[in-house]
């Protein structure tokens, strides 16, 4: 019995230390003259540099969901930074405002890429980041954003899209992709129709990219976010199995791309 108690105490002690070492910061930075506000999570007890992961938010902007994902990714042993595409203080309060913001940036892919590049540059400034090993992941609007970042030739080891838009007005730019690509897609996603999926696959083939796509049955848009509800007939809904499987796929992908 005493050994069990000792084990529990040791476990709790190590967990508390690990939690205490995890730091979060709100970071103000710029893209040209626009002030942006990101969210950084890292373990300041580390002695070595680790891979950095850029996270791009959904159409609602930086909020509790992507911040939780950043904390989970940091807990895997990485530095995580949530990029701000919209700008400091611009946080849509409803779907109408979110749609307006997302549409504005999706209509200007060069600006979208520049905002994402500014976030990547800020991530690389963290003293705990190994700048030779970085990845970008995104959810919904953010998934499409990290693919645009890759198409822009960003210096990334990998890019992961979770239920993101796959379309681009510049498919020829895929020739600039330096990163390995992982797309996690819901088989029944009405916002990313099969025509868009086929066009993306052809784009990757034509550019001879290193890419893979995981398609999850019975999953619609936004399948990783519990706040999406549980009614697939609405076009977006949480799917626990797809969420778990795509997260494990991302973890395996990171192990592959971050090997020294």
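The table below gives the values:
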quantity: Selection count, segment 211-245, where residues are in contact (Cβ under 8 Å) with a residue 12 or more places away in the chain, over 25 Å from residue 199 (Cα atoms) and in a helix (DSSP H, G or I); calculated: 3
quantity: Any hit, segment 97-104, residues being closer than 25 Å to residue 155 by Cα and modelled with pLDDT of 95 or more; calculated: yes
quantity: Where residue 37 falls short, out of the listed (1) closer than 23 Å to residue 258 by Cβ; (2) modelled with pLDDT of 95 or more; calculated: (1)
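The values are calculated or read from the model by the stated rules, or taken from the named source; none is laboratory data. Since we're looking at a predicted model, the values are computed, not measured. In this analysis, Cβ positions are derived from the backbone assuming ideal geometry, glycine residues included, and neighbour counts consider all displayed protein chains.
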